[in-house]
Amino acid sequence: MQTHFLSALGLQELLRTIANVKERINPDLDIEDILIVMTDMRTIYSREITDLLRSEYGGELRIFSSIIPKSIRAAESSAEGRSIYLHDPAGKVSAAYAALTREVLAS
């Protein structure tokens with residue numbers, strides 16, 4: 001999720017919806033992890049939303065320590081339909097996804 005107020009509200013709503021679906025239709029349905037994406041951790045606002053997510057949901061959901069930064073190179077990659085690893089192999093987004101991959105594989 002992005003580090004924006006409306007994204008945080010959307011997460012609350014999604015968790016409520018999942019709880020309803022779990023209760024009525026699919027008891028195996030769960031969200032296990034949260035990945036923070038398209039964010040600029042240089043801003044106080046992004047850091048505050050990240051801290052809020054960790055304090056509100058960190059006890060029940062894993063919030064990856066890897067954070068995918070906002071980058072025009074990632075937007076270009078999507079528009080071109082190319083992997084970020086091909087589009088910008090030495091860039092910060094490629095490095096962040098590589099870190100995320102290591103984090104997932106380590107768990």
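The values are calculated or read from the model by the stated rules, or taken from the named source; none is laboratory data. These numbers come from a predicted model, not from an experiment. We place every Cβ from the backbone using ideal geometry, glycine too, and count neighbours over all the protein chains shown.
Values as computed for the structure displayed
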| read-out | value |
| --- | --- |
| Inter-residue pairs, beta-carbon under 6 Å, first in a loop (DSSP other than H, G, I, E, B) and in region 82-98, second surrounded by 12 or more Cβ atoms within 10 Å (Cβ to Cβ), 6+ apart | D88/R73; D88/S94; G91/R73 |
| Close pairs (6 angstrom Cβ cut-off, 6 or more residues apart or separate chains): farther than 16 Å from A106 by Cα in region 57-72, acidic (D, E) anywhere | K70/D40 |
| Qualifying residue in region 86-94 (condition: touching a strand residue (DSSP E or B) at 6+ places or on another chain (Cβ under 9 Å), modelled with pLDDT of 95 or more, hydrophobic (A, V, I, L, M, F, W, C) and closer than 21 Å to T3 by Cα) | yes |
| The listed residue being of a type in the set (A, V, I, L, M), assigned to a helix (DSSP H, G or I) and surrounded by 16 or more Cβ atoms within 10 Å (Cβ to Cβ), out of I34, I49 | I49 |
